[in-house]
Amino acid sequence: MPQRHVLQMSTSQATYGVCVLGTEIFLDTRRSTPKEATSFDVYATSAVTVHVIHNPTTRPMINSKWPLNPDIEITVTIGVTSTAVNDNKVKISYYGQEDNELAVAWLYLTCVDISLDVDLHRNGKVKSKGKDKAKWTWGPDGQGAVLLVNCDRDSPGKGNTDSSEVAVRTTADLQDMSVMVLRTQGPRAIFADYQVVLHLPEKDADKVRVFHAIRSDSQPSYKPVLGPDKLSYVLDHVGSGENTFYVEGLAFPDEGFSGLVSFSASLLEITHKNAPGTPIFTDTVVFRVAPWIMTPNTQLPLEVFVCSIQKGPDPNKVFLEDLQVLLRKTNCKLTICSEMETRSDRWIQDELEFGYVEAPHKTFPVVFDSPRNRGLKDFAFKKILGPDFGYVTREPPGTEVTSLDSFGNLDVSPPVTVRGKEYPLGRILIGSPLPWASGRRMSKAVRDFLYAQKVQAPVEVYSEWLTVGHVDEFLTFVPAYDRKGFRLLLASPNACYKLFTEKQRQGHGEASQLVAGEKGTERRSIDEILADESLRKDNRHVQRCIDWNRDLLKEELGLSEPDIIDIPQLFICSGSRADAFFPDMVNMLVLGKHLGIPKPFGPQVGGQCCLEERVRELLEPLGLTCTFIDDYFSYHLLSGEVHCGTNVRRKPFAFKWWHMVP
């Protein structure tokens, strides 16, 4: 709806006013109409369009008198900006019973143009004008600008992220910001009595910062004008031209913050030097802060991170050698983090999660640092944060961090469609207790953050039955070139018992499995494992827990049985919680079609590990290759596996998050 400005007409003196191009001015004639008047007419200069609203037809005036009526309204609009002050005129003449002119009211108008513009159509271009700029809508036909949290560190030597600095220290920093342009047009002299003010709501002030690009003869400077300590900014020396602003996000969407931030430019009439101006026009734009987005196993791997542990009783030299064999099969960078950098903490999957942020003009990776805070506590901030590599973390206030706060307990599915609802960026999976039960839970601060991103609607699965309690202990996703483009792999005691029973019937009951015993490692035969009723009871419980998740994931990810592959695996319970009985094969590293799988050291049948052979039979028909990695002493006996000890930065989705409808 067009904005309307009201001007009081008078027959005793001329009225002077300013209007903004395309907006309506309502002429209040109640006080100026002579008591004896019975009719009136309106004339205006060529740039002015006059509308008379009368009983209740609306039509432009055409040199005719109108009978006076209490409900009559007169509005004017101007379609061309003024070249001089007061160059538009409106004359209202009042007539009596004898058709004689009783009085005249004159209006002199100066028309200016003010437009606050952003990348409304999300194509990297800031164009002037546009409809419904104050609305932000999702979908391929949606509109509204996108804002990045400026959470990288472009300036060498700085101690924190760029958003913590109230300054622009390098032009590279500007590339992480969104452009906002204030365009004004009209006679410069008119702005002596009017102000143009850029402002934002108080609730948004701590979420953003705005810099004004000030041109000079030497080099441009960037003045901080809006943000946590400043809600408004009055522009100096306004005339016909453009003022460019750079906007940076300071906060991701979170509990209590939807991600929407608005800015307005207002034209104020200054009636007294000590009084605030009166707004006669406001133009508003809205940004949505870009969400942090996780990448699933189906995305192309770009860089694998792993920690080197050479000291102590459990070095991972053999693990690193096997991992390098796998990496030679992929076109993927390997980054080995030194023991000094990681403070001998090998669980890099648990400490951080790689994702990214995206706007039409810029995309960069962002590492999410967990509140786990063990040896790797400072690694992401000190070693990963840098130019075009952002950082975010969430620390739960005053609550104890549990194992479920580690990011081995965080995963994301590939894109799925569920009952007609599309999730083109997949859905985040969070390990939790059963919905009705108490127990360890990922901290509210982290879960609130994940839910607030909106674009990867989380699903809370049941992982608290595990000693460590992480989702990556019983599920993972691998790419496939049919059906939905992936398979869900689930650890399966039933599949393992079926395999071992099959081998026993074939006469291989004496073949043995390497397991952790009371006095270190030992080998137990298939016959012994199948005869162990306590172990079988443990795994019936585990299978029920996994089946509960199976049904949930089928429902929440739109899966059917052919989308799921059962990977043979046994668990052993201590109290009410379970650990992997032998290396947990679903806890794997997925690098495109190449899989790095914990070597299970299973029963040898015909010179082959029957567990490895079965996994190859299940996965290689999908076009995947299986490389089994020895993590037994360096990870498995410490309650983790290959996935726990590695982390992968992956290529962002080609799909633009703003094209979806959450």
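The values are calculated or read from the model by the stated rules, or taken from the named source; none is laboratory data. What you are looking at is a predicted structure, and each value in this text was computed from that prediction instead of being measured. Counting neighbours? That spans all protein chains shown, and the Cβs are built from the backbone with ideal geometry, glycine included.
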Considering only residues that are buried (at least 16 other Cβ atoms within 10 Å of the Cβ) and assigned to a strand (DSSP E or B), which ones fall in the range 327-346? 334, 337
Sort out which residues of the range 120-133 are in contact with a Ser or Thr (Cβ under 8 Å, 6 or more places away or on another chain) and either exposed (fewer than 14 other Cβ atoms within 10 Å of the Cβ) or not assigned by TED's automatic domain parsing to the domain that holds residue 245 (or both), and write them in order of number. 128, 129
Looking at 349, 299, 324, which one is surrounded by fewer than 18 Cβ atoms within 10 Å (Cβ to Cβ), in contact with a strand residue (DSSP E or B) (Cβ under 9 Å, 6 or more places away or on another chain) and either of a type in the set (A, V, I, L, M) or within 28 Å of residue 479 (Cα to Cα) (or both)? 324
Going by the structure shown, is residue 355 within 25 Å of residue 153 (Cα to Cα) and small (Gly, Ala, Ser)? yes
Taking residue 181 as meeting all but one of (1) closer than 21 Å to residue 165 by Cα; (2) surrounded by fewer than 19 Cβ atoms within 10 Å (Cβ to Cβ); (3) modelled with pLDDT of 95 or more, write down the number of the exception. (1)
Could you tell me which residue of the range 134-165 is surrounded by the fewest Cβ atoms within 10 Å (Cβ to Cβ), considering only residues that are in contact (Cβ under 8 Å) with a residue 12 or more places away in the chain and of a type in the set (Ser, Thr, Tyr)? 155
Does the range 170-185 include one or more residues that are in contact with a helix residue (DSSP H, G or I) (Cβ under 6 Å, 6 or more places away or on another chain), part of a helix (DSSP H, G or I) and at negative phi? yes
Looking at the range 467-478, can you tell me whether even one residue there is exposed (fewer than 14 other Cβ atoms within 10 Å of the Cβ) and part of a strand (DSSP E or B)? no
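Here is a yes/no grid of residues against (1) among the small types (Gly, Ala, Ser); (2) farther than 17 Å from residue 407 by Cα; (3) out of contact with any Lys or Arg (no Cβ under 7 Å at 6 or more places or on another chain):
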site	(1), (2), (3)
429	no, no, yes
432	yes, no, no
435	no, yes, yes
468	no, no, yes
478	no, yes, no
482	no, yes, yes
485	yes, yes, yes
498	no, yes, yes
Residue pairs within 7 Å by beta carbon, gap of at least six or interchain, first lying in the range 305-319 and charged (D, E, K, R), second exposed (fewer than 14 other Cβ atoms within 10 Å of the Cβ) and in a loop (DSSP other than H, G, I, E, B), listed first then second, are 317/310
Let me spell it out: the conditions are (1) within 24 Å of residue 271 (Cα to Cα); (2) touching a Pro at 6+ places or on another chain (Cβ under 9 Å); (3) charged (D, E, K, R), and residue 207 meets all of them except one. Which number is the exception? (1)
I'm trying to understand the selection: among the residues of the range 502-520, which are without any contact (Cβ under 8 Å) to a residue 60 or more places away in the chain and either loosely packed, with under 15 Cβ neighbours inside 10 Å or out of contact with any Asp or Glu (no Cβ under 8 Å at 6 or more places or on another chain) (or both)? 502, 505, 507, 510, 517, 518, 519, 520
